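First the structure, in the form of C-alpha cells, and then the observations on it.
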Amino acid sequence: VFQIEPEEVGVIQRFGKYAREAAAGLHFKLPFVEEMTRVPVQRQLKQEFGFRTVAAGARTEFATQERRFADEAVMLTGDLNVAVVEWIVQYRVSDPYQYLFKVRNLEETFRAMNEAIMREIIGDRTINEVLTSGRSEIQQEVKEKLQALSTQYELGIKLDKVILQDVNPPESVKASWNDVNEAQQEYSATINTA
C-alpha cells in the first residue's frame, strides 16, 4: 500500500518495465514484483547556471566564485567580448513516462542543452545587447529554442521561464568597464546640457 501526494504522480514498473501511472490517493502494488517512482508533476523545478543557491530564505546565499560555476557562466559574445552570464531555468514535468524512461541522464542532458543554447544566443549578440537592452529578447529566444529541443529529445519537460539572473563583464575588467560607462554617461549628459 502506498500513497501519492496531490502534486505528484507515481510511475509503477513491473519487473523493471513500465506498467502504469498512479494519480493522487491511496494505491496498491505487488511486493517484490512492482516498483514505484514518484514524479513531481505539479511542482516547479529549477536549474541554476553560473551560481548555486547555498541557502534559501530571507537572506539567500549564493555560491558564485567557485571555478566550476564560473566555467559554465563565462561566454563569448558576437563582438568577441566576454560576458559572465548567470541564469535560471524553471520547468515542470509534463510527461512522467518520457521524463523517466526516454533519456538517460536527463539532468545532465538538460543542463548541456541549456548551456549550448545560451552560448549560441549570447554569441549572436553584442556585449551591449547582452548587458543592457537585449535581456528580455535573449530570455524569450532561449526559452523557445530550449522548449523545441526538449520536445525533440522527448524529455517530458514544459518550460515555464528562463531568467537572466546576473550579466556582467568578467571581474578582471569590471573596473575598466565601469569607467567606460561613466564616461559615456558624462558625454550624453554634456550633450543634453548643451
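The values are calculated or read from the model by the stated rules, or taken from the named source; none is laboratory data. Nothing here was measured: the structure is a model prediction, and the numbers come from that model. So basically every Cβ, Gly included, is an ideal-geometry build from the backbone, and we count neighbours across all protein chains shown. All accessible areas refer to the heavy atoms of the entire protein, side chains included, with ligands and DNA or RNA removed. Shrake-Rupley method; radii C 1.70, N 1.55, O 1.52, S 1.80 Å.
Would you mind finding the one in Glu115, Glu141, Glu108, Glu86 that is open to solvent by 60 Å² or more (accessible area, probe 1.4 Å) and either without any contact (Cβ under 8 Å) to a residue 12 or more places away in the chain or among the acidic types (Asp, Glu) (or both)?
Values: Glu115 fails: open to solvent by 60 Å² or more (accessible area, probe 1.4 Å); Glu141 fails: open to solvent by 60 Å² or more (accessible area, probe 1.4 Å); Glu86 fails: open to solvent by 60 Å² or more (accessible area, probe 1.4 Å).
None of the other options fit; the residue is Glu108.
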Next item on the list: Please work out if Tyr99 is in contact (Cβ under 8 Å) with a residue 12 or more places away in the chain, surrounded by 17 or more Cβ atoms within 10 Å (Cβ to Cβ), of a type in the set (Ser, Thr, Tyr) and assigned to a helix (DSSP H, G or I).
Entry: yes
Margin query: Let me spell it out: the conditions are (1) outside any strand (DSSP E or B); (2) charged (D, E, K, R); (3) within 30 Å of Gly10 (Cβ to Cβ), and Glu141 meets all of them except one. Which number is the exception?
Written below: (3)
Next item on the list: Considering only the stretch 34-57, state which residues are surrounded by 11 or more Cβ atoms within 10 Å (Cβ to Cβ) and among the hydrophobic types (A, V, I, L, M, F, W, C).
Entry: Met36, Val39, Val41, Leu45, Phe49, Phe51
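Being surrounded by 12 or more Cβ atoms within 10 Å (Cβ to Cβ) and under 30 Å from Gln13 (Cα atoms): is that true of Arg92 here? Spell out the reasoning first.
Details: surrounded by 12 or more Cβ atoms within 10 Å (Cβ to Cβ): yes; under 30 Å from Gln13 (Cα atoms): yes.
Spelling it out, Arg92 is indeed surrounded by 12 or more Cβ atoms within 10 Å (Cβ to Cβ) and under 30 Å from Gln13 (Cα atoms).
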Check: So which residues in the stretch 1-17 are assigned to a strand (DSSP E or B), under 17 Å from Val93 (Cα atoms) and open to solvent by 80 Å² or more (accessible area, probe 1.4 Å), if there are any at all?
Finding: none
Margin query: Exactly one condition in (1) touching a Phe, Trp or Tyr at 6+ places or on another chain (Cβ under 9 Å); (2) closer than 16 Å to Leu100 by Cα; (3) not small (Gly, Ala, Ser) is false for Phe15; which is it?
Written below: (1)
